[in-house]
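*Asks:* First, the structure itself, so that you have it in front of you.
The values are calculated or read from the model by the stated rules, or taken from the named source; none is laboratory data. Values in this document were obtained by computation on a predicted structure and should not be read as measured data. Here the Cβ is made from the backbone with ideal geometry for all residues, glycine too, and neighbour counts use every protein chain on show. Surface accessibility is based on the protein's heavy atoms, side chains included, excluding ligands, DNA and RNA. Shrake-Rupley method; radii C 1.70, N 1.55, O 1.52, S 1.80 Å.
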Amino acid sequence: MSQDRAYQMCINPDCAATFSLTDVVFSCPKCGSLLDVRYEWERLAVPAKLDFFEHRWATKGLGAEGRLDFSGVWRFRELLPFAPAESVVTIGEGRTVLERNDRVGREIGMKPGGLYLQYEGLNPSGSFKDNGMTAAFTLARVLGRQRVACASTGNTSASVAMFAHKTDPEMQGIVFIGTGKIAYGKLSQALDYGALTLQVEGDFDACMRRVKEVADRLGIYLMNSMNPFRLEGQKAIMYRILEARGWEVPDWVIVPGGNLGNSSAFGKAFAELHALGLVPRIPRLAIINATGANTLYTLYEKQGVRWNGGRMTNAEKVGQLYDKFDQSGYKPHTIASAIEISRPVNLPKCLRALEVMNGVVREVSDEVILEHKAMVGRYGFGCEPASAASVAGLHVLRDEGVIGPSEQVVCILTGHELKDPDATVKYHTGVDMKSITPPAPRPTYGKYANNPIPVADNLAAICAALGEPAIEG
Ligand code: F0G
């Protein structure tokens, strides 16, 4: 890998300031915009065709190159060539599965062969975050950092905590989580992996503000997705989808939107692949907010905020909305705690991705999220609530006719079902739907509910519960 041909660049086209890879800047010191990792592709060895990558799939991780081939991120190292091979920190992330799922597809109005589910919950720490963390930890190691930190709704902290103690030399992982805002599966991971866990009195947005201050002032390396190296790793989710589809580009990619790192990374992946002539076309993108945390939906669909080549249309609406949040004391609220975020740090990059991928944004209620989560559980491998927003969003877009029944759609399932077993058990055993936002738009709630049946400790009762005649004796 040729790290001397990579650099960082401000995404604001009127600034376009450049920085070296080892300059630790998460926003442009000149204009305050986010930064991209950029490459001098013409001076790099980029494969002529994507099928070049296939031979690496079977590698079991032996030897120096094998270690990289085993990773579902570094297998594609020519497409994120920013670090020398020996610096790469990998724990076997990204060995995930794309499943054609006709049964979920049928439930939401897709023809057979139309719906694919990408299970990022199969990563080592149980969420898509590991794709980004392998890249950010690699840079932290290049920089010789010993302490890394993040704000998190749970999955980022689990991933940071795991990578921190797996990196050689070991780093200290410091995680900022909001009080009462994190699913237990995720909290248990941060604790078990030994992260210094700060439970801040406040929500994710408060944690994000604080961790940025602390990173700036104490020189701790920031692992949130405003770190542009995170997004380089997350591009690989798109590479794997293409690979699993024999390099055929789908019509749509659908992803939940929280801090908007994933969607930003997907847009960058396709912009680069297209510019390199490695894909004939770019799929459309749908980003799905929870109704109780719908900043992107409000700004993009209701208020017409657009990237517009970097000279944003209606940019002032962003500040106005945030002022309104401050004045009214608004706090986001959704059962999909992973995406309970009101000030997404990657908003500009996400708007750029929406432009590159001709995207749309939708919002879905908690009730609809839970229903679709249960559907994925019933017919697939399961996922956590935020992840099901992608399938719920597809349902909305099918009902609207924006997505046709025969289109090829990939929904990203961002996190593992066991991250948040509480939400699952509540769904199946009954939850007071009035306590979640907003009121039910669909009357179908509970279609997949699967209550445990209380049964006495005797054979007759058990046979009766199984619908069988009683067994004698
Ligand atoms: N799905 C899951 C399971 C997540 O954990 C997150 C983000 C998202 C979707 C949203 O992704 O931020 O790229 O738009 N979780 C972060 C965290 C914020 O701290 O774990 P995004």
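*Asks:* Specify whether the C-alpha gyration tensor of region 189-270 places it in the rounded, prolate or oblate class, a ≥ b ≥ c being the square roots of the eigenvalues: rounded for a/c under 1.5, otherwise prolate if a/b is larger than b/c and oblate if not.
*Replies:* Prolate, since a/c reaches 1.5 and a/b exceeds b/c.
*Asks:* Going by alpha carbons, how many degrees (0 to 90, nearest 10) lie between the helix axis of 316-328 and the longest principal axis of the chain?
*Replies:* 50
*Asks:* Which of the peptides 98-111, 203-216, 130-143 is most tightly packed, and how do the rest follow, judged by the mean count of other Cβ atoms within 10 Å per residue?
*Replies:* Top of the packing list down: 130-143, 203-216, 98-111.
*Asks:* Does anyone have the angle between helix 129-142 and the longest principal axis of the chain? Alpha-carbon axes, 0 to 90°, nearest 10?
*Replies:* Helix 129-142 sits at roughly 30 degrees to that axis.
*Asks:* Next question. Output the peptides 245-256, 446-457, 387-398 sorted from most to least packed, where packing is the average of other Cβ atoms within 10 Å over each peptide's residues.
*Replies:* Highest mean packing first, the order is 387-398, 245-256, 446-457.
*Asks:* Here is a further query. At 1.4 Å probe size, with the rest of the protein present, what percent of the exposed accessible area of region 69-180 is carbon and sulfur atoms?
*Replies:* On region 69-180, the fraction of accessible area on carbon and sulfur atoms equals 46 percent.
*Asks:* Any idea of the accessible area per residue across region 279-367, 1.4 Å probe, to the nearest Å²?
*Replies:* Accessible area per residue, region 279-367: 38 Å².
*Asks:* Expressed in nm to one decimal, what extension gain is obtained for the pair PHE19 and THR313 from 0.36 nm per residue of sequence separation less their Cα-Cα distance?
*Replies:* 103.1 nm
*Asks:* Determine the gain in length on full extension of the stretch GLU213-GLU248; use 0.36 nm per residue of separation and subtract their C-alpha separation, reporting nm with one decimal.
*Replies:* Residue separation times 0.36 nm, minus the Cα-Cα distance, leaves 8.3 nm.
*Asks:* Next question, about the same structure. Apply the a/c threshold of 1.5 to the C-alpha gyration tensor of region 307-391 and tell me whether it is rounded, prolate or oblate.
*Replies:* Note, shape of region 307-391 comes out oblate.
*Asks:* Let me ask you something else. Output the pairs from LYS166/LYS186; LYS111/LYS268; LYS111/LYS349; LYS129/LYS426; LYS186/LYS331; LYS186/LYS426 with a Cα-Cα distance over 28 Å in this structure; if there are none, say none. Walk me through the numbers before you get to the answer.
*Replies:* Numbers: LYS166/LYS186 18 Å; LYS111/LYS268 30 Å; LYS111/LYS349 33 Å; LYS129/LYS426 26 Å; LYS186/LYS331 22 Å; LYS186/LYS426 18 Å.
Exceeds cut-off: LYS111/LYS268; LYS111/LYS349.
*Asks:* Turning to a different aspect of this structure: Counting alpha carbon pairs within less than 8 Å and at least 6 residues apart, what relative contact order, in whole percent, applies to the chain? If you can, show how the numbers build up before the last one.
*Replies:* Details: 983 pairs, mean separation 73.8, N = 473.
Contact order relative to length: 16 percent.
*Asks:* Follow-up question, since we're still on this one. May I ask you to order 176-186, 277-287 by the average number of other C-beta atoms within 10 Å around their residues, highest value first? The partial results should precede the final answer.
*Replies:* Working: 176-186: 21.2, 277-287: 18.8.
The most tightly packed comes first, giving 176-186, 277-287.
*Asks:* Let me ask something else about it. For the pair ALA460/GLN327, report the inter-label distance in nm, with labels modelled 7 Å from Cα in the Cβ direction.
*Replies:* 7.1
*Asks:* Grab the Cα-Cα distance for ASP422 and ALA64, subtract it from 0.36 nm times how many residues apart they are, and report the gain in nm with one decimal.
*Replies:* This chain segment gains 124.7 nm when fully extended.
*Asks:* Shape call for region 226-369 from the C-alpha gyration tensor, a ≥ b ≥ c root eigenvalues: rounded (a/c under 1.5), prolate (a/b greater than b/c) or oblate? Display every interim value, and only then the final one.
*Replies:* Working: a/c = 2.13, a/b = 1.60, b/c = 1.33.
Taking the square roots of the gyration eigenvalues as a ≥ b ≥ c, region 226-369 is prolate.
*Asks:* Taking only protein heavy atoms and a 1.4 Å probe, what accessible area per residue, in Å², does region 30-181 have with all protein chains in place? It would help to have the intermediate numbers written out before the result.
*Replies:* Numbers: 5590 Å² over 152 residues.
It amounts to 37 Å² per residue over region 30-181.
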